[in-house]
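Undergrad: Provided herewith is a single structure, encoded as structure tokens, for subsequent inquiry.
The values are calculated or read from the model by the stated rules, or taken from the named source; none is laboratory data. Since this is a predicted model, take the numbers as computed values, not measurements. No Cβ is skipped: glycine too gets one built from the backbone with ideal geometry, and neighbour counts run over all protein chains shown. Surface areas here come from the heavy atoms of the whole protein model, side chains and all, with no ligands, DNA or RNA. Shrake-Rupley method; radii C 1.70, N 1.55, O 1.52, S 1.80 Å.
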Amino acid sequence: MTRLLIALVAGALFGVGLVVSGMTDTARVRGFLDVAGAWDPTLIFVMGGAILPMAGAWAFARGRRPRLGGDFPTRPDPGIDLRLAAGSVMFGIGWGLSGLCPGPALAAMSANGAGGVVFLAAMAFGMWAAVPVRRHADSAKG
Amino acid sequence: METSWIYGLIGGLMIGCAGAVFLLFNGRIMGASGIFGGLIDGSAGGRAPEYAAFLLGLVALPALIGVPDTHLTDNWTVLIAAGFLVGLGTRIANGCTSGHGVCGISRLSPRGIIATLLYVGAGVASVALFRHGLGVV
């Protein structure tokens, strides 16, 4: 029960952080990616602000276990492979097209109307389409 | 707006604190694509209830406090193509801006750093092509 409550609080804080930071505004996100236009550096401050407490958390986690039991996630290290590169490029193209990545698409669902639902449905379909690729990569690992 | 970086920094700190709480208490990586995708394809397994609770908070609190204008395009062709690429790409690469970006870079993960350079680079190229080249967005 506590696990669910903490997850709910973390999700809510993530959502509010995305709204406050301006990352739910697709014009701002595309402004960051638009280096040839009126470049908007806000996203760098968002990233920097987010990495700070997160780096502290990783340092604190060393030698400890999660407060509510279990283990910390191990470093998934298939190294830098084609899958990582190709997937990230595909994601980047879609991100630039829409100004949406998964977090803000969910946080701004209430404000994005039908278009937001269409994006999320297409995103869910894309995730489902990735299942064979994920399965193939897993079986190749042996 | 010249004060936008302050809101960016404050919002960013909130995002980082959310990730820190999810990691230190539940032992989970706060990656939006992993959480949403894990529920879509069932790979979340036993983590599914926590992921669902996280999503509920992520969608509900912004809805309650209100989200300012998102300037989302009303071009459904663009939304469908972009959504598909974001979903497929993040699941193939195993992460997005929150997983590879925030959680990966903060632990100096080479994968997170390379992924971030690639999706930002592809995003820049995408805006250059579709906005300045083809004028579709």
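Undergrad: Looking at (1) in contact with a His (Cβ under 9 Å, 6 or more places away or on another chain); (2) in a helix (DSSP H, G or I), can you tell me which one A:V16 breaks?
TA: So A:V16 meets the others, but not (1).
Undergrad: Scan A:A111, A:A124 and give me the residue that is assigned to a helix (DSSP H, G or I), farther than 29 Å from A:A59 by Cα, facing chain B (nearest Cβ under 7 Å) and touching a residue at least 12 places away in the same chain (Cβ under 8 Å).
TA: The conditions single out A:A111.
Undergrad: What are the residues in segment A:45-86 that are more than 30 Å from A:H136 (Cα to Cα), open to solvent by 90 Å² or more (accessible area, probe 1.4 Å) and more than 7 Å from chain B (Cβ to nearest Cβ), if any?
TA: Matches in segment A:45-86: A:R62, A:R64, A:R65.
Undergrad: Still on this structure, please answer the following. With the requirement that a residue be in a helix (DSSP H, G or I) and open to solvent by 10 Å² or more (accessible area, probe 1.4 Å), what does segment B:103-121 give you?
TA: B:I105, B:P110, B:R111, B:I113, B:I114, B:T116, B:L117, B:L118, B:V120, B:G121
Undergrad: Now for a separate question. Which of the residues that make up segment A:87-96 are touching a Ser or Thr at 6+ places or on another chain (Cβ under 8 Å) and either more than 7 Å from every other protein chain (Cβ to nearest Cβ) or open to solvent by 10 Å² or more (accessible area, probe 1.4 Å) (or both)?
TA: A:I93
Undergrad: Check segment B:7-20 and report whether any residue there is within 28 Å of A:V133 (Cα to Cα) and small (G, A, S).
TA: Yes - at least one qualifying residue is present in segment B:7-20.
Undergrad: Conditions first: (1) out of contact with any helix residue (DSSP H, G or I) (no Cβ under 6 Å at 6 or more places or on another chain); (2) modelled with pLDDT under 95. A:A61 passes all but one, so which condition is the exception?
TA: For A:A61, the failing item is (2).
Undergrad: Can you tell me which condition B:S126 does not meet? The list is (1) facing another protein chain (nearest Cβ under 7 Å); (2) touching a residue at least 60 places away in the same chain (Cβ under 8 Å), and all the others hold.
TA: Checking B:S126 against (1) facing another protein chain (nearest Cβ under 7 Å); (2) touching a residue at least 60 places away in the same chain (Cβ under 8 Å), the one that fails is (2).
Undergrad: Going through segment B:70-113 one residue at a time, which ones are within 16 Å of A:P104 (Cα to Cα) and more than 7 Å from chain A (Cβ to nearest Cβ)?
TA: B:G95, B:G99, B:H100
Undergrad: Another one. Can you confirm whether A:V9 is within 14 Å of the chain's Cα centre (by Cα) and either assigned to a helix (DSSP H, G or I) or among the polar types (S, T, N, Q) (or both)?
TA: So A:V9 does not fit the description; no.
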